[in-house]
Amino acid sequence: MNVIRQTFLNHRMAIIFAILVSVITAFPQVYFRIDHKELYQEGKQVVEMLPHGGWAERVNEIQGGHGLGNIYQKEGKNDPYIYQPLGPMVVAYMGEIFALDINNTMLLSRLVLPFAVFLLIYGFVFLVSRNKFAALSSAVVLLFADSVLSYSGIALLLQGVSPGHFLRLARPVSPAVIYLFLFAFLLFFWQFYRKRNWQYGVLSAVLLGLNFYNYFYTWTYLYAFGAILILIHVLLKRWEDALRIGGVFAGAILVAIPYFINMYLASQFPTFERVGVASGIILTHHPLFVGASVIAALVVFLLFFPKQDKDKYIFGLAILLAPFLTMNQQILTGKIMQPDHYHWFFHKPLGIIFVLITIFYFFDRRHLDLYKKIFTIFVITSSIATAVFIQAYSYKYDSRDGGQIAIERQKYGPVIDWLNSNVEKEAQIFGNNETANMIVLYTPLNVLYHDGICCQSISVTESTLQETLFIFFRLNQVDAQSAYEAFSRERAFVSRQFYGIYYRKLNGSYESIPDEKFDEIVDMYKETLRTPTSKWLEQIFEKYEVEYLVWDKKADPLWQLDKYKFLEKSAEFGSMTIYRVK
């Protein structure tokens, strides 16, 4: 008991800063409740500011008793998952323990996860460096100032514009749960590496194995790190250490066996390859530049990091060399898998950690205690100021989830309440993408269309993508003569629906879809025009078991659903109208 108490006292500043991180991360959502308290009435659904980046609906899906086979649609709920479920499960079950709705689940995750992640980063850096200043600075910078760790981010900040849409840490699951399992592994693995204690080794293997179920880029990065670490030990003829490290990485494979079974089953679906392409996988063997920040971190490490402690030096060197492997694995595999994920969540954060450790080592070696304290105060205060500015600016002006957008979204509240009260669970609904977002976030219902169906489920076929896309053009009264012009105005929408983020990753924009592929899609649409719109729509909604349509008259004035005899108006709330398919 005395040991625990003494540990808390020794690291009380870390606990204080961890609480501060939680408060700043969650504050916009809390302040929204205070600022708009008139919205909160019993039995009324409030759409809160949820910078979720596509993760919150996965949490809602888990809370609804499903896996992630098909997050959006009625079909394929029990199919093998493509996107790992552990992160959404952590957040979902956190809310279920206290019987919380989705809004309060998100709030709880914003309070708990940043606190835990801060302490894990702090703990890892402290154990490696034995320097509290380095540990505090590293954790604060990574969680508060990650969006300004680039030229563009700094430039925006100097112009008085937020470099981020709220703090990235405010998004549920990513990156909070990513960092949770990443730094938990690194902390225990460092202890194992340092102390040769297999209790830490077993914990490391389990945590590494769990990363297979959490985030693809985490375990692939860590195995690149492990491979380099083992190789260095082999080159140094430290055979026993190499085997010991290999044992952890081999043990993790045992934990990951169900994951590999799931991916094997998924690979048997004819849509598996298409989903991979839509998710941004590019077929090439060309090498990639690892980035200036990685090179700079490695140079600083090689020139100034202390070499007296060989274990520590080798460990850091392996971490900083891993990007050369993750960014160029396609030389062997022939597949590039969104390298920016490696950059933002692994290469840059870990590079910054070891640069900061090196800087604080330099201060200590030269006995520059005053400069060390000044530097620490500057790093921490500037990071906190950046975080506060990002949160405040985003609350007032953010074009995705803040400002007037957050108020306008309250129009979906009555629609959500009506659907939850009158529509049977798991029914399929059709609406535009914003409507679909609200439905999958706040109800137990499914949607025929969502912009995520292109690349998040192997149950979605090409014909499904084609027909759901064409519904929008049919409802907008697009005929054969105006088809090419109408599709051209929505070229990015068309490209994303069929090919996901592939052309954005390949050429830099959704609109860069080749003309021949684009023309082929337009021609397919024209072929469907042989069937009159009313009959075609009725057939499609029957085929996909669509029971209700939600029409946002302000966003889609051309739909004119009143003229279709197979639809019956069920409810109307301002510009939002709900129709039942007869």
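The values are calculated or read from the model by the stated rules, or taken from the named source; none is laboratory data. This one's a predicted model, so the numbers in the text were calculated from it and none came from an experiment. Positions of Cβ are generated from backbone atoms using ideal geometry, with glycine treated the same way; all protein chains shown enter the neighbour counts.
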Could you please give the count of residues in segment 32-67 that are closer than 12 Å to residue 406 by Cα, at pLDDT below 90 and of a type in the set (D, E, K, R)?
1
Any chance you could count how many residues in segment 124-165 are farther than 17 Å from residue 384 by Cβ, in a loop (DSSP other than H, G, I, E, B) and not small (Gly, Ala, Ser)?
5
List the pairs whose first member sits in segment 263-286 and is within 19 Å of residue 454 (Cβ to Cβ), whose second member is among the basic types (Lys, Arg), and whose Cβ atoms are under 8 Å apart, counting only residues at least 6 apart or on separate chains?
280/504; 280/505; 281/335; 282/335; 282/505; 283/335
Could you please tell me which pairs satisfy a Cβ distance under 6 Å, a separation of 6+ or placement on different chains, a first residue in segment 495-519 that is on the phi < 0 side of the Ramachandran plot and part of a helix (DSSP H, G or I), and a second residue that is surrounded by fewer than 18 Cβ atoms within 10 Å (Cβ to Cβ) and of a type in the set (Lys, Arg)?
511/491
Can you work out which of the residues in segment 434-447 that are surrounded by 20 or more Cβ atoms within 10 Å (Cβ to Cβ) and touching a Lys or Arg at 6+ places or on another chain (Cβ under 8 Å) is farthest from residue 103 (Cα to Cα)?
446
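Can you pull out the residues in segment 434-467 that are in a helix (DSSP H, G or I) and free of Cβ contacts under 8 Å to residues at least 60 places away in the same chain?
Within segment 434-467, 463, 465, 466 qualify.
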So which strands (runs of 3 or more DSSP E) stay within segment 529-582 end to end and still have 2 or more residues that are at pLDDT 95 or above and of a type in the set (Gly, Ala, Ser)?
567-573
Go through (1) touching a helix residue (DSSP H, G or I) at 6+ places or on another chain (Cβ under 9 Å); (2) not in a loop (DSSP other than H, G, I, E, B) and name the single condition residue 214 misses.
(2)
So, in segment 549-575, how many residues would count as being more than 30 Å from the chain's Cα centre (by Cα) and surrounded by 14 or more Cβ atoms within 10 Å (Cβ to Cβ)?
10
Flag for residue 473 being in a helix (DSSP H, G or I), surrounded by fewer than 21 Cβ atoms within 10 Å (Cβ to Cβ) and either hydrophobic (A, V, I, L, M, F, W, C) or in contact with a Gly (Cβ under 8 Å, 6 or more places away or on another chain) (or both):
no
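Test of understanding: among 143, 127, which residue is over 30 Å from residue 58 (Cβ atoms), among the aliphatic types (A, V, I, L, M) and in contact with a Lys or Arg (Cβ under 9 Å, 6 or more places away or on another chain)?
Numbers: 143 fails: over 30 Å from residue 58 (Cβ atoms).
The conditions single out 127.
Only one of 252, 256, 266, 278 is farther than 30 Å from residue 494 by Cβ, within 23 Å of the chain's Cα centre (by Cα) and assigned by TED's automatic domain parsing to the domain that holds residue 221; which?
Working: 252 fails: within 23 Å of the chain's Cα centre (by Cα); 266 fails: farther than 30 Å from residue 494 by Cβ; 278 fails: farther than 30 Å from residue 494 by Cβ.
Being farther than 30 Å from residue 494 by Cβ, within 23 Å of the chain's Cα centre (by Cα) and assigned by TED's automatic domain parsing to the domain that holds residue 221 holds for just one of 252, 256, 266, 278, which is 256.
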Filter segment 378-433 for residues that are more than 22 Å from the chain's Cα centre (by Cα), part of a loop (DSSP other than H, G, I, E, B) and surrounded by fewer than 21 Cβ atoms within 10 Å (Cβ to Cβ) and give the result.
423, 424, 425, 426, 427, 432
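Just a yes or no: is a residue in segment 284-307 within 30 Å of residue 79 (Cα to Cα) and either in contact with a strand residue (DSSP E or B) (Cβ under 8 Å, 6 or more places away or on another chain) or loosely packed, with under 14 Cβ neighbours inside 10 Å (or both)? Write out each step before concluding.
Of all residues in segment 284-307, those within 30 Å of residue 79 (Cα to Cα) come to 284.
The next check asks that each one be either in contact with a strand residue (DSSP E or B) (Cβ under 8 Å, 6 or more places away or on another chain) or loosely packed, with under 14 Cβ neighbours inside 10 Å (or both); those that pass are 284.
Within segment 284-307, one or more residues are within 30 Å of residue 79 (Cα to Cα) and either in contact with a strand residue (DSSP E or B) (Cβ under 8 Å, 6 or more places away or on another chain) or loosely packed, with under 14 Cβ neighbours inside 10 Å (or both).
State yes or no: is residue 17 assigned to a helix (DSSP H, G or I), under 30 Å from residue 381 (Cβ atoms) and either outside the structural domain of residue 92 (by TED's automatic domain parsing) or modelled with pLDDT under 95 (or both)? Working first, answer last.
Working: assigned to a helix (DSSP H, G or I): yes; under 30 Å from residue 381 (Cβ atoms): yes; either outside the structural domain of residue 92 (by TED's automatic domain parsing) or modelled with pLDDT under 95 (or both): no.
It is false that residue 17 is assigned to a helix (DSSP H, G or I), under 30 Å from residue 381 (Cβ atoms) and either outside the structural domain of residue 92 (by TED's automatic domain parsing) or modelled with pLDDT under 95 (or both).
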Can you say whether residue 73 is crowded, with 19+ Cβ neighbours inside 10 Å, over 24 Å from residue 258 (Cβ atoms), in contact with a helix residue (DSSP H, G or I) (Cβ under 9 Å, 6 or more places away or on another chain) and not assigned by TED's automatic domain parsing to the domain that holds residue 259, as far as the supplied structure shows?
yes
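Any idea which residue in segment 57-115 is nearest to residue 180 (Cα to Cα), counting only those that are outside any loop (DSSP other than H, G, I, E, B) and of a type in the set (Ser, Thr, Tyr)?
We begin by selecting, within segment 57-115, every residue outside any loop (DSSP other than H, G, I, E, B); these are 57-63, 86-97, 102-115.
Cutting the leftovers down to of a type in the set (Ser, Thr, Tyr) gives us 93, 105, 109.
On the way: 93: 16, 105: 17, 109: 12 Å.
The extreme case among them is 109.
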Quick one: is residue 348 crowded, with 20+ Cβ neighbours inside 10 Å and assigned by TED's automatic domain parsing to the domain that holds residue 178?
yes
